Amino acid sequence: MSRLGKTPIALPKGVEVKGLKDGAVQIKGPKGTLNLTLPVGITFKIEDQMMIVERDEVLSLANAMYGLYRSLLKNCVIGVTEGFEKRLTLIGVGYRAAVAGSKLDLQLGFSHPTNMEIPKNIQVTVDKGTLIIIKGMDKHEVGQFAAKVRSLKPPEPYKGKGIRYENEYVRKKEGKAAKAAAK
């Protein structure tokens, strides 16, 4: 049995949880509303500003999904109160970013500018032209959009140029010329 699934989720003030039909959960907070559909065999109850996730012990699928859906519900609660944020850094000569309306304009050393449509639930800001800050309520959407931006020019291992997460470490390789000079 999942130890994580048993721990209750604290509901901060201003968070409202409502069960909808078909096993869906609606979580409202200061930043907005998120919906999550629970699988068959997983339910929840609220006691003393705490959400407790319960499972049907007969269904093996419910046993497998118990801890996962508790974490997803906790992420929804965090999302509607605080939100999530990812920071990407552009490293390279001439690499810069700008937000133009609902598009993210990236100059990444290609012969053409790269434009990406920003999803409507996500806020993107650019600081000093090289730091992209992605914010939103849904952890999955924020992470997915950050991964899409990073995939346009992932950091290469020789000079470290590209788009990387703010605290990401890129292990650099020795070049061919450096190997020949060492011999």
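The values are calculated or read from the model by the stated rules, or taken from the named source; none is laboratory data. Quick caveat: nothing in here was measured; it's all calculated off a predicted structure. Note: ideal-geometry Cβ built from the backbone for every residue, glycine included; neighbour counts use all protein chains shown.
Here are some notes:
- None of Asp56, Asp105 is assigned by TED's automatic domain parsing to the domain that holds Leu38 and over 15 Å from the mean Cα position of the chain (by Cα) except Asp56.
- Residue within segment 72-82 that is surrounded by 20 or more Cβ atoms within 10 Å (Cβ to Cβ) and not in a helix (DSSP H, G or I) present: no
- Restricting attention to segment 129-183, the residues that are assigned to a strand (DSSP E or B), within 18 Å of Phe110 (Cα to Cα) and under 12 Å from the mean Cα position of the chain (by Cα) total 0.
- For segment 1-22, the tally of residues that are exposed (fewer than 15 other Cβ atoms within 10 Å of the Cβ) and not in a loop (DSSP other than H, G, I, E, B) stands at 9.
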